[in-house]
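Worksheet: one structure, shown below.
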Amino acid sequence: MRGHPRLTKGPWRRTLASIGLAGLLLGTAACGGGDDSGGDSSAPEVGSDDISEQGDPVEGGSITVGLEAETNSWLPGTGSFSNPGTTVAYALYDPLMKQTADGEVRPYLAESMEPNEDFTTWTLTLRPDVQFHDGTPLNGDALKSNFDDHLKAPGSNVANSLADVASLDVVDDLTVEYKLSAPNAAFPSVLTDSPGWPFSPTAAAAAGEDAGANPVGTGPFRFVSWQRDSNLVLEKNENYWQEGLPYLDGITFRPIPDEDTRLASLQSGDIDVMQTLRQGTVARAREADGVDNYEYLGNNSGGSIINTTVPPFDDLRVRQALAYAIDQPALIDVIGGTGLTPEATQYFSPDSPFYSEEAAEAFPTFDTERAQEFYDDYVNDPQRSDGQPVGTDLSFTYNCPPDPSLNELSQLYQSYWSALGMQVELNTVEQAAHIQNGIAKDYEVQCWRVGEEGDPYNTLKDAFTPGPLNFTGYSSPAIDEGLETLRTTADLEARKAAVADISMDISENVPNLFTGYTLTDVAVRDAVKNVDGWEFPDGTAGDGVPGATTMWGFVWVTD
């Protein structure tokens, strides 16, 4: 008997009563609400809520998880925690804040978080008696050491996310204050990601440059060993702060970049769980015998990023030519997404309250005549930014990781752009290097994913203000103005309007291209249970498996 998919369309399908209403949403006694004022309800319903019988929790046993890719380091501040790295991190670390099923950001490892009146100081209180895996205490001094010595240190890849934080001050053993240089109503969402994953400063100092290969957090599992590009072995944290968790004795994570190999490994029983963000793999996993599929459709979407800091891509006409030349439905079909996912036009999906119909209508759609007009106008311009002679065709490299579906996708991009006269060389880059190329802007055009489930201020600030996560190098006064609104108000309608203005600017200036929103899947042998059923310590339902990431402390196995 086949298992059936369980779909979480993202926390926005139930919509928020408000976003970032600090005092109401962030205390330990907070509760959520909805008002059905969210985005377009026309997003396709995919999957169902039927999976195999879950039963009661079972203690013991170990599982092996097949990941999409390896991660360069496991230390926040140096680790490039894309989707595969993040799901591993949820075994090693506990996030200070996490998102509920209704989209509220609430304390998880933290006990409470409260702002002052103008959102310039956020006071965070830790839970008592929590220890790192090395037996040292989680306290205010540990958070300050993490912040000063790692997260804000030169070269930290999260420094931009914390740019507004002037200091982290210790109030007492369990209380710290994040002092911001300017108001930020969305700041708690930052602490759902790696800036909010506490790690032992004692262990990090002892390991020195090897700290990223010897992670020590507070999470449900402890580090045992890591053979890069082979396996990461974790064991149960017997001193975990949540009584009764975790259920499993251990987890082994294995990077298996090839989609076919990862799915075949699940079907053969070589692994128990696999993560995928490829639509074709999701479709095939649905057909696998004895497999349950935990699917999630959120704000993440596939597409391409364009390096707007280098000619000729600093010219809007070139970016418009790239955008109008592509047929989104055909690209979605190549990656197996037909019938699974809608065409993407912005950083927020149709079931988000931040989705903009106007921005969707403004984003370029397949029009070869318009594409050719923009291209010819640039190529024949004596003042073209690349300094080439009039009439010289563009020549550039398109990068993408070595996945068969992505190879086919790259070839289709190449054919569209070649039809305009562009000379496009395809270049295969392993995922870890691919991410680093994006951070360093050492590329011209490359496939990429954009969008996430956190607060829109953090998503858009990282993507379009100076810093390592602004992969396209694009910024604008309109985006800056919208970000200022998002930073200084908790009013939902004002924030929605600000996001709509930013989305319109992106549609008009095309710093990146879109294919479709990404339906992700954590596919498991049906003996693996409760993959999306995690809860906050007070019993509030969590946000499931966003981006194929899992809170592993709540998972159990029946054989």
In the set Val130, Val176, Val171, Val105, the lone residue that is surrounded by fewer than 20 Cβ atoms within 10 Å (Cβ to Cβ) and of a type outside the set (Phe, Trp, Tyr) is Val171
Exception for Gly47 within (1) at pLDDT 90 or above; (2) touching a His at 6+ places or on another chain (Cβ under 8 Å) falls at (1)
Checked against (1) more than 19 Å from Ser301 (Cα to Cα); (2) modelled with pLDDT under 95, Arg449 satisfies every condition except (1)
Looking across the range 467-497 at residues that are in contact (Cβ under 8 Å) with a residue 24 or more places away in the chain, assigned to a helix (DSSP H, G or I) and aliphatic (A, V, I, L, M), the single one that is surrounded by the most Cβ atoms within 10 Å (Cβ to Cβ) is Leu486
Requiring at least 3 residues that are more than 30 Å from Thr71 (Cα to Cα), the helices (runs of 4 or more DSSP H) wholly within the range 349-466 are 357-362, 368-379, 404-418
In the range 424-462, residues that are closer than 16 Å to Thr86 by Cβ and among the polar types (S, T, N, Q) total 3
Log entry, pairs with first residue in the range 422-444 being under 20 Å from Glu408 (Cα atoms), second being of a type outside the set (S, T, N, Q) and exposed (fewer than 15 other Cβ atoms within 10 Å of the Cβ), beta carbons closer than 9 Å, six or more apart or on different chains, reads Met422/Asp393; Gln423/Asp393; Thr428/Pro402; Val429/Pro402; Glu430/Pro402; Gln431/Pro402
Within the range 145-192, the residues that are in a loop (DSSP other than H, G, I, E, B), of a type in the set (S, T, N, Q) and under 19 Å from the mean Cα position of the chain (by Cα) are Ser156, Asn157, Asn160, Ser161, Thr192
- Query: Can Pro195 be described as in a helix (DSSP H, G or I), within 18 Å of Leu109 (Cα to Cα), within 24 Å of the chain's Cα centre (by Cα) and at pLDDT 95 or above?
  - Reply: yes
Residue count, the range 498-546, condition acidic (Asp, Glu), in contact (Cβ under 8 Å) with a residue 40 or more places away in the chain and assigned to a helix (DSSP H, G or I), comes to 1
Only one of Asp272, Asp258, Asp289 is surrounded by fewer than 18 Cβ atoms within 10 Å (Cβ to Cβ), over 25 Å from Ala330 (Cβ atoms) and of a type in the set (Asp, Glu), namely Asp289
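The values are calculated or read from the model by the stated rules, or taken from the named source; none is laboratory data. None of these values were measured; they are calculated from a predicted model. For neighbour counting, all protein chains shown are included, and Cβ atoms are generated from backbone atoms with ideal geometry for every residue, glycine included.
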